[in-house]
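The values are calculated or read from the model by the stated rules, or taken from the named source; none is laboratory data. In this text, all values refer to a predicted model and were calculated from it rather than measured experimentally. Methodologically, a virtual Cβ is constructed for each residue, glycine included, from the backbone with ideal geometry; neighbour enumeration extends over all protein chains shown.
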């Protein structure tokens with residue numbers, strides 16, 4: 001990882017509107033013996049003190065002149081320019097920075113996290129944001145950004161904001177100053193797997209079987225960002241084989257649910273040419289938030305209340321036919337070895353006889369479309385996706401493809417500190 005844990009902490013904020021708070025954080029960090037590099041990303045007003053990295057420098061990184069942005073007084077364009085500029089700055093300094101602490105409202109959060117997302121996984125990143133109790137996905141993305149809600153807005157220092165900001169300073173100082181566990185030299189090939197609560201028994205058993213054979217398995221929760229994170233690591237060459245058991249994010253993308261991973265889900269492994277086992281875990285469901293958040297057009301559908309904040313909607317026969325074709329066509333485009341594994345007795349824990357999403361007709365449409373359109377090997381098992389034999393077959397197929405291709409073959413199972 002190109003990261004300097006002994007480097008200074010980048011402290012990001014808009015010094016025209018949050019100058020008192022940023023100065024308080026700088027002083028707290030200095031009292032803790034931490035080196036600080038203050039970055040000003042404000043545009044319209046004058047900075048309340050002199051930063052280490054000026055707003056003019058950040059704007060110039062985006063090919064903009066700060067005077068022009070201020071003169072236009074177009075808040076949206078100014079934010080976009082500062083986002084672009086700070087991304088460039090962090091990319092150029094990623095090997096020098098020990099961590100990042102930022103504070104902000106909507107604009108400051110958008111700008112600061114754009115820069116944070118340019119840093120490698122493992123670099124401490126803490127965003128104190130008035131948006132931290134809402135939907136943080138646009139800001140966190142697939143990065144390891146921690147977000148802290150300040151309760152009160154940043155309109156000057158008071159007993160509450162001082163307490164919250166002091167905690168933030170202590171937290172980032174601890175993250176940057178305390179040692180991590182010794183890095184392990186691990187020569188095991190990394191395998192990516194996807195899981196949902198309703199496919200957990202399958203993936204847990206699959207992980208055990210692969211780890212017994214000398215692989216390291218990273219399991220990604222198929223919540224949209226989980227699928228995106230796995231495919232990002234595939235593109236970076238970190239993952240050498242995939243058991244994509246839980247492709248449920250495709251259903252959300254097709255129907256409009258809240259856990260889509262975007263239109264390019266299930267493509268990275270194919271483009272990379274690495275071995276992949278694909279299955280249809282949790283394709284029986286589309287995800288929504290609380291029950292009252294389900295769009296009116298779907299109110300007549302079959303639902304299951306997973307918990308107070310998650311409402312599951314059963315996919316229809318027609319939707320399953322479309323999903324089967326989508327999966328088959330994405331598999332057909334793969335440059336490397338691929339197999340599709342079908343569990344004929346159900347695709348999730350609640351898609352089984354006497355369970356709320358049991359629908360043999362919808363499953364048959366899914367399987368039939370895959371049979372019709374797939375030009376890759378399709379294996380059908382008379383088993384439920386969570387049956388031990390299904391996990392065993394998935395593990396065996398992946399091992400065989402890896403052995404045959406020589407891609408990602410484990411060299412050793414030893415781990416040294």
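Of all residues in the range 240-258, how many are in a loop (DSSP other than H, G, I, E, B) and either surrounded by fewer than 21 Cβ atoms within 10 Å (Cβ to Cβ) or at pLDDT below 95 (or both)?
The number of residues fulfilling the criteria is 3.
Can you tell me which of 76, 85, 63 is part of a helix (DSSP H, G or I), without any contact (Cβ under 8 Å) to a residue 24 or more places away in the chain and in the same structural domain as residue 137 (by TED's automatic domain parsing)?
76
Report, by residue number, each residue of the range 198-237 that is crowded, with 20+ Cβ neighbours inside 10 Å and on the phi > 0 side of the Ramachandran plot.
224
Among the residues that make up the range 37-50, is at least one of them assigned by TED's automatic domain parsing to the domain that holds residue 166 and assigned to a helix (DSSP H, G or I)?
no
Scan the range 163-185 and give yes if some residue there is within 22 Å of the chain's Cα centre (by Cα), surrounded by fewer than 24 Cβ atoms within 10 Å (Cβ to Cβ) and not in a helix (DSSP H, G or I), otherwise no.
no
For the range 259-271, enumerate the residues that are more than 18 Å from residue 285 (Cβ to Cβ), out of contact with any strand residue (DSSP E or B) (no Cβ under 8 Å at 6 or more places or on another chain) and buried (at least 22 other Cβ atoms within 10 Å of the Cβ).
Listed by number, the list holds a single entry, 268.
Can you give me the number of residues within the range 96-108 that are closer than 21 Å to residue 20 by Cβ and at pLDDT below 95? Explain how you work it out, then say what you get.
If we filter the range 96-108 for residues that are closer than 21 Å to residue 20 by Cβ, which is where we start, we get 100-108.
Still in the list and also at pLDDT below 95: 104-108.
Residues flagged as closer than 21 Å to residue 20 by Cβ and at pLDDT below 95 within the range 96-108 amount to 5.
One residue is enough: does the range 160-174 have a residue meeting the conditions farther than 25 Å from residue 5 by Cβ and without any contact (Cβ under 8 Å) to a residue 12 or more places away in the chain?
yes
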